[in-house]
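*Asks:* This structure is in structure tokens; I'll ask about it shortly.
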Amino acid sequence: MQEAETKPLKILGISGSPRKMATDFLVQEALKIARDKYGAETDYFSARGKKLNFCIHCDFCIRKKEGCVHKDDIAAELYDKMIWADAWIIGTPVYQGTLSAQTKTIMDRCRAVVARDPKVFLNKVGMGIADGGDRIGGQEPAIQTILNFYVINEMIPVGGGSFGANLGGTIWSKDKGAEGASEDSEGMRSLRKTLKRLIQTTQLVKRASFETEPESPTPGTPKEEDK
Ligand SMILES: Cc1cc2nc3c(=O)[nH]c(=O)nc-3n(C[C@H](O)[C@H](O)[C@H](O)COP(=O)(O)O)c2cc1C
């Protein structure tokens, strides 16, 4: 019990924007709060300037179980960070009412990691942040897609609760980057509320897995019948 409570939570932030603007600011802000207020260890991956190859459905990952055929920045940098973290914060700009292509590519490429180890993301906790140029521009459909991704990969999705956050961090950037995003006080409140839920839920999961450790399988090593 003591060990589970004293170890800092490990939180990964991912920005699916090709720019260092609103989404980058929002994910970094959430990580800063996670460190300063909750004592978490954090890591970060931005899609900006990165080589991100689409999944081409070659099924190399399914046949070989050695990860992805692509040797790009997702394989070189992001997979290890994802495995390291107890919880993820995925932030995306809204493009055409939903995720950016960069965010979707990152999600699709997770198939390779899960093919190698089906329980690799089991019980990691996840939240979403979406920022759009319009006040009602598709933030919620974008977050819903992020939450669906967590469910599909056996993670635990969290929203921020009713009266202020609902599905996650929804921000109106007014197409003015970090400045516009930071001016959206209600949006920033939704981010903080959701982050609090992420931290609380991750603490619960870590405590529960510590307490049940001898009986339960170690995350990442599936039982024979689950394979
Ligand atoms: C291709 C494209 C499509 C966009 N579609 C939408 C949209 O459907 N709804 C919206 O509110 N904003 C839309 N935007 C605006 C961005 O979501 C908004 O400026 C966002 O805050 C940009 O994030 P960034 O500063 O991190 O790049 C779009 C921008 C681009 C480039």
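*Asks:* Return the residue satisfying two criteria in turn: it lies in the range 9-56 and is under 17 Å from Gly180 (Cα atoms) and among the basic types (Lys, Arg), and of such residues it is nearest to the ligand (Cβ to nearest atom).
*Replies:* Step by step, filter the range 9-56, then rank; the result is Arg19.
*Asks:* Here is a further query. With respect to Ile83, is the statement that it is open to solvent by 70 Å² or more (accessible area, probe 1.4 Å), more than 22 Å from Thr194 (Cβ to Cβ), hydrophobic (A, V, I, L, M, F, W, C) and at pLDDT 95 or above true? Let's see the steps before the verdict.
*Replies:* Working: open to solvent by 70 Å² or more (accessible area, probe 1.4 Å): no; more than 22 Å from Thr194 (Cβ to Cβ): yes; hydrophobic (A, V, I, L, M, F, W, C): yes; at pLDDT 95 or above: yes.
No; evaluated as a whole, the condition is false for this residue.
*Asks:* Can you name the condition, by its number, that Ala76 falls short on among (1) in contact with a helix residue (DSSP H, G or I) (Cβ under 9 Å, 6 or more places away or on another chain); (2) open to solvent by 10 Å² or more (accessible area, probe 1.4 Å)?
*Replies:* Among (1) in contact with a helix residue (DSSP H, G or I) (Cβ under 9 Å, 6 or more places away or on another chain); (2) open to solvent by 10 Å² or more (accessible area, probe 1.4 Å), the lone unmet condition for Ala76 is (1).
*Asks:* Tell me yes or no: at least one residue of the range 45-53 is under 19 Å from Trp172 (Cα atoms), without any contact (Cβ under 8 Å) to a residue 40 or more places away in the chain and surrounded by fewer than 20 Cβ atoms within 10 Å (Cβ to Cβ). Show your work before the answer.
*Replies:* Within the range 45-53, the subset under 19 Å from Trp172 (Cα atoms) is none.
No: zero hits.
*Asks:* Restricting to the range 100-137, name every residue that is more than 21 Å from Glu29 (Cα to Cα), of a type outside the set (Asp, Glu), open to solvent by 10 Å² or more (accessible area, probe 1.4 Å) and not in a helix (DSSP H, G or I).
*Replies:* Pro118, Lys119, Val120, Leu122, Asn123, Ile136, Gly137
*Asks:* Another question, if that's okay. Give me the pairs: first residue in the range 204-217 and loosely packed, with under 11 Cβ neighbours inside 10 Å, second residue modelled with pLDDT of 85 or more, beta-carbon distance under 6 Å, and six or more apart or on different chains, which are they?
*Replies:* Close Cβ pairs satisfying both conditions: none exist.
*Asks:* Same structure again: All but one of (1) in a loop (DSSP other than H, G, I, E, B); (2) among the small types (Gly, Ala, Ser); (3) crowded, with 23+ Cβ neighbours inside 10 Å hold for Gly39; state the number of the condition that does not hold.
*Replies:* (3)
*Asks:* Do the conditions hold for Lys71, that is, is it basic (Lys, Arg) and open to solvent by 70 Å² or more (accessible area, probe 1.4 Å)? Steps first, answer last, please.
*Replies:* Numbers: basic (Lys, Arg): yes; open to solvent by 70 Å² or more (accessible area, probe 1.4 Å): yes.
Taking the combined requirement at face value, the residue satisfies it.
The values are calculated or read from the model by the stated rules, or taken from the named source; none is laboratory data. Note that the structure is a prediction, hence the values are computed from the model and not measured. In this analysis, Cβ positions are derived from the backbone assuming ideal geometry, glycine residues included, and neighbour counts consider all displayed protein chains. All accessible areas refer to the heavy atoms of the entire protein, side chains included, with ligands and DNA or RNA removed. Shrake-Rupley method; radii C 1.70, N 1.55, O 1.52, S 1.80 Å.
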